[in-house]
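S.K.: If you scroll down you'll find the structure; I have some questions about it.
Every read-out reported here was derived from the displayed coordinates using simple, explicitly stated rules and does not represent laboratory data. Note that this is a predicted model, so its numbers are computed, not measured. Don't worry about glycine lacking a Cβ; one is built from the backbone with ideal geometry, like all the others, and counts go over all protein chains shown.
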Amino acid sequence: MVALDVQVRCLDCGHQTGYRPGITHCPRCGSEWLQAVYDYPRVARVWRERLPARPFDLWRYHELLPVRHTPPETAQGEGGTPLYPARHLSMMLKLPNIWIKDERQNPTSSFKDRQAAVTIAALKEAGLTDVVVASTGNVAIAYSAYASRAGIKLWAFVSSAVPAEKMREVAIYGTQVIKVTGTYDQTKQVAARFAQERGFYLDRGARSVPTVESMKTLAFEIAEQLGLLHPDARYGPVWMAPDWYIQAVSGGLGPLGVAKGFQELFEMGFIDRMPKLGIIQAAGCDPMVRAWEQDRAEPVDLDSPSTHISTLATGRPGRTYTLLYEYVKRHGGVFLRVTDEEAFRTMHMMAKMEGISMEPAAAVAFAGLIRMAREGLIQPHETVVVNCTGHTMPIESHILGERWAREVPAEAVLQAAPPQEGLLTALTGLDPKRHPKVLIVDDHEPARILFRRVLQSLGEYQILEAENGRQALELARAERPNLIILDLMMPGMDGFQVLERLKEDPETASIPVIVVTAKHLSGQERARIQNLARSLLIKGEFLSDEFFEEIRALLEEETEGR
């Protein structure tokens, strides 16, 4: 298929001309900021007629991409990634409409495959043979895969913070890897100088037309996928924008392209509103957040980022921040920071709660969502889409810490006499009965599953469950748990009665209890609980650091006391 003609318009002087990859500056004013524009009324007509019959991948939207012949021979199945609900996270945050855009499903397990697929296809059409990129890892990997398929020589400049394992993955494609001892921003400067001296094409991030255009496809897919949920979808294709799009950012390219995609859909009449943006940064590299907090349209540059999440270590986002700032001011949203520790904890939680192993940068986005929920920035009726930008790679071993596996010597097990005793001795450390016991009491099974997931994300516990008050009392007497997490509102014997019975029994009176409830409590009810339980939490608010620390402290206190 042959795409429609693409024009580029200068963001500074408005001059418009035909697009070709070699154009890097406005021919009139010299600005580097060019934006692709299309014949939107014509595209809208074509899409309404032909889109339903096309494969669900990135290239179904080729009329709004700067590639003339599609799908290109370099295509590897990029795009068309799933969108599915975060059921347990939604329950935990009391936000029922959280959706995960799973970009791990791209060919090299990252949303950067969109960028590489479109850019390399455009460059191959233009006959370019050498390309230079600066990267913190994922871009270099994605570009390496597509450049190899296109027969293009790739020069990847990576900062010294990029793990050696990622560098080796880049090199295996035949890419020339240049390790720069310095920050990512310095690495970009070195790459730019090299490209200029050699006359090679340089991917300039948000200033490169194919790069921004590639990210639009995220918006197109999300709007189509959410549209399937609309009641009118049974009568024909429906498009629907979310209320929030949330992504972790380094330079901000992803949300910039996504915002342009939604703007184009709005202009063509496919959606009736623009989503708010949740733009999340690592606390050790947060130039956008700092500027936002000061209501500045220019970023507060950081020369020395201090985050362990190397893919987000861009201290100088430049004009990209200004464009995002203008979008958020117009359509709504927020710039927010989270710590590395919050991100790493969220990685564990999302793996154990939703079955999703994600890269630290993606965990930053989900940690940001959790903070937004705590701060009341998202309303329960709002639809939220979070970009899970990439998969956890083998190089992220530091996330697990040292005791992520146990060793059992086969010789000691198999040669011990008698065999049964040797096996029991060797496997003693794996016995869950040696772990602290936590009793979860809730008549709602999904709530019990949710608490189980939270506890599993915190450590190793023997978890007991009771679905009513009478069963809870029986388990408490028989098992003597180290901690009880108790729901108040249950049929038959409610939580208040369970608390009183526990206190009356000498065998269970000393067991600490954390009460959780969705009920609005009167002052009298709160006072009653304070005399019987260690703490009170409102359902949907138990993701706080205080809750985690209290569980750990209570269990440590109990196990030491016993």
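S.K.: Report, in debye and to the nearest 20, how large the dipole of the chain comes out about its Cα centre when Lys and Arg carry +1 and Asp and Glu carry -1 on their Cβ. Working shown, then result.
M.R.: Values: 63 positive and 71 negative charges, 327 e Å.
The dipole magnitude comes to about 1560 debye.
S.K.: In debye to the nearest 20, how big a dipole does region 8-56 give about its Cα centre with +1 on each Lys and Arg Cβ and -1 on each Asp and Glu Cβ? Before the final figure, lay out each step's value.
M.R.: Values: 8 positive and 4 negative charges, 62 e Å.
My answer is approximately 300 debye.
S.K.: How much length is gained on full extension from ARG470 to CYS29, taking 0.36 nm per residue of separation minus their Cα-Cα distance?
M.R.: Extra length from ARG470 to CYS29 when fully extended: 150.9 nm.
S.K.: Moving to a separate point now. Between TRP244, GLY199, ALA361, whose Cα lies farthest towards the positive end of the dipole of the chain when Lys and Arg beta carbons carry +1 and Asp and Glu beta carbons carry -1, centred on the Cα centre?
M.R.: GLY199
S.K.: Cross-link partners among lysines for LYS352, C-alpha distance below 24 Å, same-chain residues fewer than 8 apart left out?
M.R.: Within the straight-line limit of under 24 Å, LYS352 reaches these lysines: LYS94, LYS101, LYS433, LYS437, LYS539.
S.K.: Turning to a different aspect of this structure: Cross-link candidates for LYS166: which lysines have Cα within less than 21 Å, leaving aside residues fewer than 8 places away along the same chain?
M.R.: Within reach: LYS112, LYS153, LYS179, LYS188.
S.K.: Of LEU488, LEU450, VAL170, which is farthest towards the positive pole of the chain's charge dipole, taken about the Cα centre with +1 and -1 on the beta-carbons of Lys, Arg and Asp, Glu respectively?
M.R.: Sorting the options by dipole projection puts first VAL170.
S.K.: What value, in deg cm²/dmol to 500, does the helix sum -39500 (n - 2.57) over DSSP H runs of n ≥ 4 give at 222 nm once divided by the residues of the chain?
M.R.: Result for the chain, helices only: -12500 deg cm²/dmol.
S.K.: Further, regarding this structure: Measuring from label point to label point, each 7 Å out along Cα→Cβ, what is the LYS503 to ARG42 span in nm?
M.R.: 7.7 nm
S.K.: If I stretch the segment between HIS331 and MET489 completely, what's the gain in nm (0.36 nm per residue apart, minus their alpha carbon distance), one decimal?
M.R.: On the way: separation 158, 0.36 × 158 = 56.88 nm, distance 4.02 nm.
This chain segment gains 52.9 nm when fully extended.
S.K.: Which of rounded, prolate, oblate describes region 46-138, given a ≥ b ≥ c as roots of the alpha-carbon gyration tensor eigenvalues and a/c under 1.5 marking rounded, otherwise prolate only if a/b is larger than b/c? Don't skip to the answer; put the middle values down first.
M.R.: Details: a/c = 3.27, a/b = 1.53, b/c = 2.14.
Judged from the Cα gyration tensor, region 46-138 comes out oblate (a/c at least 1.5, b/c at or above a/b).
S.K.: Another question, then. Using 0.36 nm times the number of residues separating HIS230 and GLU267, minus their current alpha carbon distance, what extension gain do you get?
M.R.: Full extension of this stretch gives 11.3 nm more.
S.K.: Only sites in a loop by DSSP and with at most 16 other Cβ atoms within 10 Å count here; which GluC sites (Glu not before Pro) in region 341-381 make the cut?
M.R.: Numbers: sites: GLU341, GLU342, GLU354, GLU375; in loops: GLU375.
Those that pass, being in a loop and sparsely packed, are GLU375.
S.K.: List ILE378, ILE222 from most exposed to least, where exposure is judged by having the fewest other Cβ atoms within 10 Å.
M.R.: Going from least to most buried by this count: ILE378, ILE222.
S.K.: Let me ask you something else. Cysteines of the chain lacking any other cysteine beta carbon under 4.7 Å?
M.R.: By the Cβ distance rule, which asks for a partner under 4.7 Å, the isolated cysteines are CYS285, CYS388.
S.K.: Still on this model: Can you sort LEU34, LEU554, LEU536 from fewest to most other Cβ atoms within 10 Å of each residue's own Cβ?
M.R.: LEU536, LEU554, LEU34
S.K.: When a/c is below 1.5 the answer is rounded, else prolate if a/b is larger than b/c, else oblate, so apply that to region 1-91 with a ≥ b ≥ c taken from the square roots of the Cα gyration tensor eigenvalues.
M.R.: Prolate shape, in that a/c is at least 1.5 and a/b is the bigger ratio.
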